[in-house]
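**Student:** Mind looking over this structure? Questions follow.
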Amino acid sequence: MREVNLQSKLPEISTSIFTIMSKMALEYNAINLAQGFPDFNCSNKLLQLVNHYQKKGFNQYAPMPGVPELREQISALIKKLYGKTYDKDNEITITAGATQAIYTAITATVQTGDEVIIIEPAYDSYVPGVKAAGGIPVFVKLNPQDYSYNWDEIRRSISEKTKLMILNSPHNPTGSLISEDDIKQLEELTENTNILIISDEVYEHIVFDGEKHISFAESEILVRRSFVISSFGKTFHTTGWKMGYCAAPELLTNEFRKMHQFIVFSANTPIQYAYADYLQDETHYNSLGDFYQKKRDTFRGRIKNSKFKLMPCMGTYFQLLEYADVSELDDMKFSEYLTKEVGIAVIPISPFYDEGDTNKIIRICFAKRDEVLIEAANILSKL
Ligand SMILES: Cc1ncc(COP(=O)(O)O)c(C=O)c1O
């Protein structure tokens with residue numbers, strides 16, 4: 001019998017590095033500092049709230065854009081933090097995680113042949129979304145010394161085919177933050193164009209050392225062209241619940257929702273009600289930066305006298321380590337070696353680049369219990 005002939009839409013995309021490394025961590029019983037999720041539980045209060053709404057019977061489809069109570073809380077939160085009022089009915093949509101929001105924003109806007117500027121290193125969901133929509137990714141690297149933006153290069157890569165730019169701050173994997181000056185550059189670059197922006201702000205509450213997250217919602221110029229996307233998974237230690245949101249002006253939201261309703265229709269109902277209550281206490285998200293800063297410092301303090309070089313980390317729960325003095329191996333092989341031989345699973349930085357990276361850098365996730373971080377740091381610092 002003849003095999004079905006299926007031409008792949010994404011021929012060069014295979015299993016993500018996060019899945020590969022987590023599987024390897026399990027297989028070799030390694031400490032998993034690879035995939036970006038906490039190894040501790042979310043708050044009991046939040047669990048009780050979800051349970052409360054489940055028992056009360058809030059178990060059927062939510063309205064397509066999300067439950068009004070949660071959209072109202074998100075609108076109030078953005079107003080309080082960034083000074084921008086989004087209309088809860090027409091400008092905020094609850095999604096099944098930020099990944100779905102990003103995919104939805106891409107497919108709602110990108111047409112065959114459109115170019116999309118992607119800043120590298122880049123989170124791995126951006127490129128497949130662009131390609132599936134028939135778009136052409138145009139890559140611009142952050143400066144390798146300090147992971148700052150190269151605005152000349154970004155300017156040069158814009159053409160009349162540029163439909164969309166995807167930016168991410170606080171930035172995974174580098175832990176860098178977008179600055180006021182970057183925002184000005186982006187405003188100048190896009191002001192009289194039709195270029196749209198996806199601003200991936202999933203780590204918005206995880207910022208350190210008194211720095212402040214700058215949301216694209218704060219810029220009067222950028223806000224008109226931006227899908228501002230965030231994720232409750234990162235903020236409330238609930239990555240497995242897959243819930244996030246997209247805030248965008250009505251014109252953009254209308255197109256976003258046309259796709260959203262046929263990709264997922266609506267997100268988990270009792271969890272939406274629970275978050276709506278939980279968001280009312282600002283201490284839950286206001287304390288997150290300090291919480292993770294302590295973890296960052298617990299890890300960094302034990303690595304700083306080792307052969308690894310610590311890169312700056314101003315936000316997110318990721319730390320980059322340069323290992324040129326530890327090994328000659330490339331980052332893929334070195335990560336495999338660390339997992340199999342040393343017992344620590346990490347993520348190589350190459351998969352965050354279209355053409356890989358030769359700078360001998362790995363990423364660890366410090367959203368882990370202190371004892372796990374201490375054990376891992378002690379092992380690494382002996383290498
Ligand atoms: C930069 C970035 N964007 C988006 C996501 C996805 O978020 P979610 O789990 O809400 O889909 C992640 C998760 O690791 C991320 O690091």
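The values are calculated or read from the model by the stated rules, or taken from the named source; none is laboratory data. What you see is a predicted model; the values in this text were computed from it and never measured. Glycine gets a Cβ as well: all are built from the backbone with ideal geometry, and neighbour counts include every protein chain shown.
**Student:** Of the residues that make up the range 259-271, is at least one within 11 Å of the ligand (Cβ to nearest atom) and of a type outside the set (Val, Ile, Thr)? Write out each step before concluding.
**Tutor:** Of the range 259-271, the ones within 11 Å of the ligand (Cβ to nearest atom) are 267.
Now restrict to residues that are of a type outside the set (Val, Ile, Thr): 267.
So far as the range 259-271 goes, yes, one or more of its residues are within 11 Å of the ligand (Cβ to nearest atom) and of a type outside the set (Val, Ile, Thr).
**Student:** Just to confirm my filter: which strands (runs of 3 or more DSSP E) fall fully inside the range 60-159 and include at least 3 residues that are more than 28 Å from residue 353 (Cβ to Cβ)?
**Tutor:** Details: elements: 92-95, 115-120, 136-141.
Per the criteria, 92-95.
**Student:** I would also like to ask the following. Does residue 253 count as more than 16 Å from the ligand (Cβ to nearest atom) and of a type in the set (Val, Ile, Thr)?
**Tutor:** yes
**Student:** Restricting to the range 35-49, and then to whatever is assigned to a loop (DSSP other than H, G, I, E, B) and more than 17 Å from residue 296 (Cβ to Cβ), can you tell me which residue is modelled with the lowest pLDDT?
**Tutor:** Checking each candidate, the answer is 35.
**Student:** Another question, if that's okay. Give the number of residues within the range 341-379 that are under 20 Å from residue 292 (Cα atoms), hydrophobic (A, V, I, L, M, F, W, C) and in contact with a Lys or Arg (Cβ under 8 Å, 6 or more places away or on another chain).
**Tutor:** Number satisfying all stated conditions: 8.
**Student:** So which residues in the range 173-213 are closer than 22 Å to residue 85 by Cβ, in contact (Cβ under 8 Å) with a residue 40 or more places away in the chain and away from the ligand (no atom under 16 Å from the Cβ), if there are any at all?
**Tutor:** Passing the criteria: only 196.
**Student:** Let me ask something else about it. Among (1) closer than 30 Å to residue 284 by Cα; (2) in contact with a helix residue (DSSP H, G or I) (Cβ under 8 Å, 6 or more places away or on another chain); (3) touching a residue at least 60 places away in the same chain (Cβ under 8 Å), which single condition is residue 74 missing?
**Tutor:** (2)
**Student:** I'm told residue 304 meets every condition in (1) at pLDDT 95 or above; (2) away from the ligand (no atom under 15 Å from the Cβ); (3) of a type in the set (Lys, Arg) except one. Can you identify the failing condition by its number?
**Tutor:** Every condition holds for residue 304 apart from (1).
**Student:** Every residue in the range 208-239 that is closer than 21 Å to residue 295 by Cα and of a type in the set (D, E, K, R), please.
**Tutor:** In the first step, residues of the range 208-239 are kept if they are closer than 21 Å to residue 295 by Cα; the result is 208-213, 231-239.
Of everything in the range 208-239, those that are closer than 21 Å to residue 295 by Cα and of a type in the set (D, E, K, R) turn out to be 209, 211, 212, 234.
**Student:** Next up: Taking the residues in the range 92-120 that are within 12 Å of the ligand (Cβ to nearest atom) and of a type in the set (S, T, N, Q) as candidates, determine which candidate is farthest from residue 144 (Cα to Cα).
**Tutor:** Here the residue is 95.
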